[in-house]
Protein chains: 2
Amino acid sequence: MNARIDRLDAALIDVPRGLANVVVTDTAISDVRGTEGFYQYREHSAISLAQRASFEDVWHLFLHGALPTAAQTAAFARSIRSAQENSGVSGLASELASADGRPVDVIHAVKAAWPLLAARAGMLPVYDTDPAQRRADALALTAALPVFLTESWQRLHDRPPLSVLPDRGVVANYLHQLTGREPDAQQEHALTAYLIAVIDHGLNASTFAARVITSTGADVASALAGAIGALSGPLHGGAPSRVLDALDLIRTSADIDPWIQNELAAGRRIMGFGHAVYRTTDPRSELLKSIAISLGGERVERALAFEERAEHMLAEVAPQRELHANVEFYASVVMEAVGVPRDMFTPTFALARSIGWSAHILEQAQDPKIIRPSARYTGPAMHEAP
Amino acid sequence: MNARIDRLDAALIDVPRGLANVVVTDTAISDVRGTEGFYQYREHSAISLAQRASFEDVWHLFLHGALPTAAQTAAFARSIRSAQENSGVSGLASELASADGRPVDVIHAVKAAWPLLAARAGMLPVYDTDPAQRRADALALTAALPVFLTESWQRLHDRPPLSVLPDRGVVANYLHQLTGREPDAQQEHALTAYLIAVIDHGLNASTFAARVITSTGADVASALAGAIGALSGPLHGGAPSRVLDALDLIRTSADIDPWIQNELAAGRRIMGFGHAVYRTTDPRSELLKSIAISLGGERVERALAFEERAEHMLAEVAPQRELHANVEFYASVVMEAVGVPRDMFTPTFALARSIGWSAHILEQAQDPKIIRPSARYTGPAMHEAP
């Protein structure tokens, strides 16, 4: 055969394991400044948005690249409602859950729901559509998500679906479906702040999976479903409810030190502490801590005491690492305080993150280059001559 | 805030777009030697395996790391049959397709089917299982695939499901369900050779997506579903049936040159020519060409004439590139010759490739490092002070 040097055999490029620090794309979506302890969504401080903006406004920022004008705010709210009513999502949770008589857990069900919604709506691959159509597909699929999540959870727990609160937004309606009560303004604000704060956070594994899938030209739903598949992994989205499992075991402040000592002695991680990016305090946990304090209550007091002791004891054991409460610690406290059921912590995180995934999918769709890395073969040499 | 230098802000590493040549992992599964015009599955020539081995034996090689002994061959065939009977897959195609009265295309349906099968079987994340359990999960899901594919296709075309041929293997049964006829040995061999030849081919985008998802600890089904999502993109798995669409338009050999000239003048690619890795002849197309010739017939004659003219005319237009028939060109001719319906070309490719994905998922599951690259922010600077 006509063998000659080509670019693929010529020079393999070695990079750190897990692609740490490897720039796989440019992005105009967000920036995480780990050493400086802040992160931004386009030109806005993410924490400021979480404190002051509505969920829908930040959704608009991710989908359209700018915060909406007053007129756009109203139109965008209508387009979300319209997408929810016309997506074919209502009833899908029961369809998937009941087929063999056994309910399916909510996250697994979403992985199935998105491709089915896309197929039934006739959505096309990203390279066969224009940006406006891709944006419409992304909106339809992400707007369907809170409806699907709450219907799946209701199906799983034999709760009745409730009618939509027409004058309230996505977050209030989501809480309403899960708690059976119309949330007050403080509860809505607290959950809104959490959701906005976790919409995006750089190229985590789920966002990167969405971009790899999109780079092949696959449809938006395939990329979203791949992303939520990654999110379901224990190393990525899996810990928030485990924080509460720990707090459950602590009845009084006297229980804290022995419990932590026992965990450290057993070589286990303390759930809710430490993060790969932030060596300083995680700005998201600072925000959520202040929100938890404003919500108040016995559980919040115990979490504050736990955090103080855990940071102290972790610093004694591992003084060279700075292990602070991460976003999951106070996220779990805030979600519990506003009434999100524990088995909906990861789905609620996914609801927020799906907005970030969409923006990355739409951005990646403008790059015609497929993401196709290399591997180094380390197995046995070939037996036969080729 | 306490800002200090950390590894993540310290040194971003720039690499070629699309991660070309970037080594993201070591692997003992396969090696593609583009300049030398061959590729291997572990220590075996992939082409030799395609010519001589059974599909099940190569499946065993990918799942267990070695070709089976005679006793293992029989046991593995039984475990595939058993997985198919106990996977809960039978009937799932109708369930997904008929829910709202409209059938769903086969590839979209698979993306939904795998997570549902996994959820109903209670499969766990890869980091919560041992290698034997992960292997069992991978076998259950990949063994379910041909059953699901043929049932979905039958549902889509109102064909009746046929009973299993108990004495024939996976490939013969697959063809039987699609054609309604028991295939002869030559047809079975031809499709087997195609399937083996495309089980794996380095870190293409779908395989990489599966590894990224697995790196989070997600379950095997999530990684497989993400991979098939990537495969559904036009840049990756989308072209084989389009090769035949071109051949359909050519009635006599006199039609070939004008048709190709017209396509080139319009700036369109000739489907089935050129590959990112092989600058020499693609060894898979050489193999499939010889199989097509052995199958014979008018269609094969026309394909041979088309290839000769296309290579000649492409060399005139772009002499610096070596554009040869790629695997898709003769793959489409072979699949048509043995009776695979055109809308099952990509699903049939996925059936083969799912074996490769499984092996990469099982290998990645042994690496506890999450795949989490970086991006460079190129959007506007932040408005507010942090």
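Please treat every number below as a calculation from the coordinates, not as lab data. These figures come from a predicted structure and were not determined experimentally. Don't worry about glycine lacking a Cβ; one is built from the backbone with ideal geometry, like all the others, and counts go over all protein chains shown.
What to note about this one:
- For the stretch B:266-272, putting each phi into the Karplus relation 6.51 cos²θ - 1.76 cosθ + 1.60 with θ = phi - 60° gives couplings of 7, x, 8, 6, 8, 4, x Hz, in residue order, rounded to whole numbers and with x for Gly and Pro.
- The residue among A:THR27, A:THR214, A:ALA46 whose Cα reaches farthest toward the positive pole of the charge dipole of chain A, with charges on the beta-carbon of Lys, Arg, Asp and Glu, is A:THR214.
- Amide H contacts of B:VAL22 (H built 1.01 Å from N, under 5 Å, at least 5 apart or other chain): A:ILE13, A:SER374
- Rounded if a/c under 1.5, otherwise prolate or oblate - chain A, Cα gyration tensor axes: oblate
- Amide H contacts of B:ASP282 (H built 1.01 Å from N, in plane; Pro and chain starts excluded): no residue 5 or more places away or on another chain comes under 5 Å.
- For chain A, the relative contact order comes to 22 percent (Cα pairs under 8 Å, sequence separation of at least 6).
- Fewest-first ranking of A:SER215, B:SER82, B:SER358, using other Cβ atoms within 10 Å as the exposure measure: B:SER82, B:SER358, A:SER215
- Kirkwood hydrodynamic radius of the stretch A:86-160, from inverse mean 1/r over distinct Cα pairs, in Å: 12.9
- Fewest-first ranking of A:TRP357, A:TRP259, using other Cβ atoms within 10 Å as the exposure measure: A:TRP259, A:TRP357
- Whole-Hz ³J(HN,Hα) from phi, Karplus 6.51 cos²θ - 1.76 cosθ + 1.60, for the stretch A:88-95, glycine and proline x: x, 7, 5, x, 5, 4, 5, 4
- Using only side-chain charges placed at the Cβ, +1 for Lys and Arg and -1 for Asp and Glu, the dipole size of the protein assembly as shown relative to its Cα centre rounds to 100 debye.
- Approximating the spin labels as points 7 Å out from Cα along Cα→Cβ, the A:GLU43-to-A:ASP158 distance works out to 5.6 nm.
- Amide H contacts under 5 Å for B:HIS201: none, restricted to partners 5 or more places along the chain or on a different chain, H placed in the peptide plane at 1.01 Å from N.
- Rg and Dmax [Cα atoms of the stretch B:261-345; Å; Rg one decimal, Dmax integer]: 13.1, 38
- Peptides A:119-125, A:45-51 ranked from most to least packed, by the mean per-residue count of other Cβ atoms within 10 Å: A:45-51, A:119-125.
- Summarised as an ellipsoid, the stretch A:341-386 has semi-axes of 41, 21, 6 Å, derived from the eigenvalues of the Cα gyration tensor scaled by 5 and square-rooted, with the largest first.
- Efficiency of FRET between A:ALA121 and A:ARG81 - r from beta-carbon atoms, R0 25 angstrom, step 0.05: 0.90
- Simple Cβ-charge dipole of the stretch B:239-336, Lys/Arg +1 and Asp/Glu -1, about Cα centre, in debye nearest 20: 220
- Taking each DSSP H run with n ≥ 4 as -39500 (n - 2.57) and averaging over every residue of chain B yields -17500 deg cm²/dmol at 222 nm.
- Other residues whose C-beta falls under 14 angstrom from the C-beta of A:ILE370 contribute a net charge of +3, scoring Lys and Arg +1 and Asp and Glu -1.
- Formal net charge of residues neighbouring B:ASN204 (Cβ-Cβ distance under 10 Å; K, R +1; D, E -1): +1
- A:SER241 sits among other residues whose Cβ lies under 13 Å from its own Cβ, and their net charge, with Lys and Arg +1 and Asp and Glu -1, is -4.
- Calculated on alpha-carbon atoms, Rg and Dmax of the stretch A:117-222 in Å: 16.4, 45
- Magnitude of the charge dipole for chain A, about its Cα centre and with charges confined to Cβ atoms of Lys, Arg (+1) and Asp, Glu (-1), is about 520 debye.
- In sequence order, calculated HN-Hα J values of the stretch B:40-52 (Karplus, 6.51, -1.76, 1.60; Hz; x Gly/Pro): 10, 10, 6, 8, 10, 5, 4, 5, 4, 4, 4, 6, 10
- Between A:GLU36 and A:ARG376, full extension at 0.36 nm per residue minus the direct alpha carbon distance yields a gain of 118.8 nm.
- Across the stretch B:239-336, C-alpha contacts under 8 Å between residues 6 or more apart give a mean separation that, scaled by the residue count, equals a relative contact order of 44 percent.
- Across the alpha-carbon atoms of the protein assembly as shown, the computed radius of gyration and Dmax are 26.7, 91 angstrom.
- Listed by Cβ neighbour count within 10 Å, with the fewest neighbours leading, A:ARG321, B:ARG155, A:ARG159 appear as A:ARG321, A:ARG159, B:ARG155.
- Scaled radius of gyration (Cα, divided by 2.2 N^0.38 Å) that the stretch B:289-386 gives: 1.82
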